[in-house]
Amino acid sequence: MTQIKVELQETMGSDLSIANAAWTSTYDKDKREIKYSDKDKITDLVRKLILDGHGTPVESIIFRFWIKMPIFVDRQHMTHRIASHNGLSGRYRTMPDEFYNLPEDVNIILNKCGAQYIAKYYNDICTLAYQQYNSAIANLKLAEKNNIITNTDFKRAREILRGQLPVCGMTERTTIMNLRSFANYQKQRNSNYAQPEIKKVAQLMLDEVKKANICPVAISTLEEINWRF
């Protein structure tokens, strides 16, 4: 699963942002600013808000992730309508010449069935699909260069020809979500019931957020309650 990559590109907000959002409903600006320097009060309030299930202040924190994953995983990822997604376009970009390698646990399953040959077919068929696709793109580029087709023609054909590629092909996406949505994602996708590949995506997202360390109190509290927020 080393082909799956996640990068936290941008963030907005912090533990203080959560506290400030809550204080807005009870204090004026001057009183809020007095509390900004009291780290203990910020910690206590953030924990209380999360433990009591107050979700709106938690939405003050926003993440933008870049993710590289197989298309079949991307389809699961996209079911989270609580996020904003933008992905690789087969019209404006030639698909990367990479497909997801057969995982070792699947190889073991095939061996148990006496069907080791399926692994070779998997690689051969995927490789052939990309060879066919890249050959078609090369022909289209040459035709465009020779003014036989327009750039609009080229993009239209390229967009459709990606349809011959397998769903194990690697794709790229950016996803924007707030911390409340992130908690829901972790609860559903970073669990023992999740498919290994989507769980890998969720864990890498969590690793990136922890490394950024912008809201350690909120993250540790959400982990403490197993993301059931």
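The values are calculated or read from the model by the stated rules, or taken from the named source; none is laboratory data. Predicted, not measured: the structure shown is a model, and the values here were computed from it. A quick note on method: Cβ atoms are made from the backbone with ideal geometry, for glycine too, and the neighbour counts reach across all protein chains shown. SASA here: full protein model, heavy atoms, side chains in, ligands and nucleic acids out. Shrake-Rupley method; radii C 1.70, N 1.55, O 1.52, S 1.80 Å.
For region 51-76: of the residues being over 13 Å from the mean Cα position of the chain (by Cα) and among the acidic types (Asp, Glu), which is surrounded by the fewest Cβ atoms within 10 Å (Cβ to Cβ)? Applying the filter and picking the extreme gives Asp52.
The single residue among Glu10, Glu33 that is loosely packed, with under 13 Cβ neighbours inside 10 Å and either among the aromatic types (Phe, Trp, Tyr) or at pLDDT 95 or above (or both) turns out to be Glu10.
Scanning region 149-173 for residues that are part of a strand (DSSP E or B) and open to solvent by 40 Å² or more (accessible area, probe 1.4 Å) gives a single hit, Glu172. If the condition is being free of Cβ contacts under 8 Å to residues at least 24 places away in the same chain, open to solvent by 40 Å² or more (accessible area, probe 1.4 Å) and of a type outside the set (D, E, K, R), then region 189-224 contributes Asn192, Tyr193, Gln203, Asn213, Ser220. Of the residues making up region 77-115, those that are open to solvent by less than 70 Å² (accessible area, probe 1.4 Å), modelled with pLDDT under 90 and closer than 25 Å to Phe229 by Cβ number 4.
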